[in-house]
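Here the structure comes first, spelled out in structure tokens, and everything after it is commentary.
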Amino acid sequence: MIEAHGLTKRYGPQLAVDDVTFTVRPGTVTGFLGPNGAGKSTTMRMIMGLDRPTAGDVTVNGRPYAQHARPLAEVGALLEAKAVHPGRTARQHLLALAATHGIAPTRVDEVVELTGLAAVARKRVGGFSLGMGQRLGIAVALLGDPRTLILDEPVNGLDPEGVLWVRNLARYLAAEGRTVFLSSHLMSEVALTADHVIVIGRGRILADMPVQQLVDGASRHVVRVRSPQAADLADALRREGGTVAPGDDGALEVTGVDAARVGELAAAGGVVLHELTPVASTLEEAYLELTADAVEYQAEALDDAAGPTPDGAPR
Amino acid sequence: MTTTAPARGATQAVAVQRVTFGRVLRGEWIKFRTLRSTVWTVAITAVVMVGLALMMAAIMQVAADTPEMSEGMSQDPGLQAIGLTGTTIVTFGYSFGALAVGVLATLIVTSEYSTGTVRSTFAAVPRRLPVLWAKLVVIVLTTAVVVAVALAIAYVATAPLLDRAGLSVDLSDAEQVRALAGCVLYLATVAAFALAVGTLMRHSAGAIFTVVAIFFVVPLIFSIVVQATDAAWTDWVNKLLPSVAGERVISRGAETDALLDPWVGYAVLAGYTVVLLVVAAVTLRRRDA
């Protein structure tokens, strides 16, 4: 369980995280979604006590993280890949961290095995690929068998196999009753992994709801309708306040009027329908809508600095 | 790479103990000894200190064969005046030692920042201060042990040469024993000083530059300035410099107004070190990692 109240972080004039309040509950995978630079990592660092909030507070399992007697048993965190001295082996890095909590070396070997690092555990981290570094970060997170997991962009740099593995791992850990909080700037990833989603943009919480509700609640609900009397139907729909756009292959794409009402209008007007399909907007679309402002803001900021195209725009 | 569902490991009860200082110390010790660069630096420091002592002893032995030194070097008034004794030879490599342990102590903190390890470290020990104190214990004890061993080897290895030169180390002379122990103390304190600078500055290059400037460049400049002017303040600044003050504890302790007494000098260096460590501890707790 993670509870943030009015959490704020200011870097000089820039407000990285702006008065966010949220709760991450055990037993579910909660996605933390937002464009790059939206404040995800800063929020996660504040949860871990690495960054000091400008205002507000955050507790993990009822207490500020630093006040736990056995921090690694409370929270396991992957905050950045390869945050390891390149001259140490993966196993040595894990052993040093394990020692602080009196965790037995057998547990180190266990997480090495679990994360698929057995073959490279005794090699120096300097030669690791991003994917292997990511696996090591996850091994660190699992080391203390924590009740809460915080994973910042856990699938970055992983091959498809690894992505699937992380997804299963997150779901499995949540099913065990643990709190799993994972961030991503990729919609699809959150849609596939998370039950609940917190969307952040420009440091503010834009949405905090079940993934399904985010999709359902998206303002753009389209109904595809096909009719030999398309013109008549379009008139009737416009009178009802709907927006009608000609879709491909002669179908109409209707927004603002739901499928049931389209059917009623057709029946009332004696219009023959060949197709009537409600098209749920994807999470991707819902996300784009929510974060449109945040992304625009980023693009401007980067344009000013003559920087590269923002990769904050979701694919 | 495994793709199987995460079966065991997450479900079994894992024995996780409370974080104690002893455990943090064990973790820091593992980090210290698992870097090859660290192990090599420590080994080379010891080897060079012994080597320099041997080299100086050999030079002394050759010099002792000249007719002016026929009564033995320890009887020579000129050498007496500059405070040369057998311990001067045995501890001859202390400057190199200070450079090596200063850089090493700086790096054990700054490398954590440059590699990002510090975030894993503070995630495991979010109270942070035990990490600083554990690093302090590791670097100070390692330095003390390695320097003590190097001096012991240098003492034994140079004994035949120094005996022939009439410049034997006299362990019944309290001043000479103090100089040998002082060498261990001085280098251990330089390590603590450098650790504090590293903690405050975080960046390897800047912190190493600062340590080298404080212990090697500034004293060099002042040794020239003091010669060049009569201004009293330059004498004072010079004798209160961390290295000039601290090194007094290794010296024979010839009385002179231009320098502090051995233990007073060491106390000045120790004072700076304590102040820096306190400031480092306060900022370490406050700053974002």
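The values are calculated or read from the model by the stated rules, or taken from the named source; none is laboratory data. Everything quoted here is computed from the prediction, not taken from an experiment. All Cβ positions, glycine included, derive from the backbone under ideal geometry; neighbour counts span all protein chains shown.
Data overview
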| quantity | calculated |
| --- | --- |
| Residue within the range A:6-28 that is closer than 30 Å to residue B:33 by Cα, touching a Lys or Arg at 6+ places or on another chain (Cβ under 9 Å), within 13 Å of another protein chain (Cβ to nearest Cβ) and in contact (Cβ under 8 Å) with a residue 60 or more places away in the chain present | no |
| Among the candidates B:280, B:267, residue that is surrounded by 14 or more Cβ atoms within 10 Å (Cβ to Cβ), on the phi < 0 side of the Ramachandran plot and out of contact with any helix residue (DSSP H, G or I) (no Cβ under 7 Å at 6 or more places or on another chain) | B:267 |
| Residue in the range A:73-86 that is farthest from the other protein chains (Cβ to nearest Cβ), counting only those that are at pLDDT 95 or above and over 12 Å from residue A:139 (Cα atoms) | A:74 |
| Which listed residue, of A:225, A:125, A:120, is crowded, with 20+ Cβ neighbours inside 10 Å, farther than 24 Å from residue A:39 by Cα and away from chain B (no Cβ under 13 Å) | A:225 |
| Counted residues, the range A:2-33 - those being surrounded by fewer than 18 Cβ atoms within 10 Å (Cβ to Cβ), assigned to a loop (DSSP other than H, G, I, E, B) and out of contact with any Gly (no Cβ under 7 Å at 6 or more places or on another chain) | 3 |
| Search result, residues across the range B:96-130 that are in a helix (DSSP H, G or I), facing chain A (nearest Cβ under 9 Å) and of a type in the set (Val, Ile, Thr) | B:115, B:117, B:118, B:121 |
| Long-range neighbours under 7 Å by Cβ, at least six apart or interchain, first residue more than 7 Å from every other protein chain (Cβ to nearest Cβ) and buried (at least 22 other Cβ atoms within 10 Å of the Cβ) within the range A:91-105, second basic (Lys, Arg) and assigned to a helix (DSSP H, G or I) | A:98/A:107 |
| Every residue from the range A:128-151 that is surrounded by 23 or more Cβ atoms within 10 Å (Cβ to Cβ), farther than 23 Å from residue B:28 by Cβ and within 9 Å of another protein chain (Cβ to nearest Cβ) | A:132, A:135 |
| Identity of the residue in the range A:34-72, touching a Pro at 6+ places or on another chain (Cβ under 6 Å), surrounded by 21 or more Cβ atoms within 10 Å (Cβ to Cβ) and not in a loop (DSSP other than H, G, I, E, B), that ends up farthest from the other protein chains (Cβ to nearest Cβ) | A:46 |
| Qualifying residue in the range A:198-209 (condition: surrounded by fewer than 21 Cβ atoms within 10 Å (Cβ to Cβ), closer than 23 Å to residue A:27 by Cβ, within 14 Å of chain B (Cβ to nearest Cβ) and under 16 Å from the mean Cα position of the chain (by Cα)) | no |
| Unmet requirement for residue B:229, which otherwise passes all of (1) surrounded by fewer than 20 Cβ atoms within 10 Å (Cβ to Cβ); (2) within 15 Å of the chain's Cα centre (by Cα) | (2) |
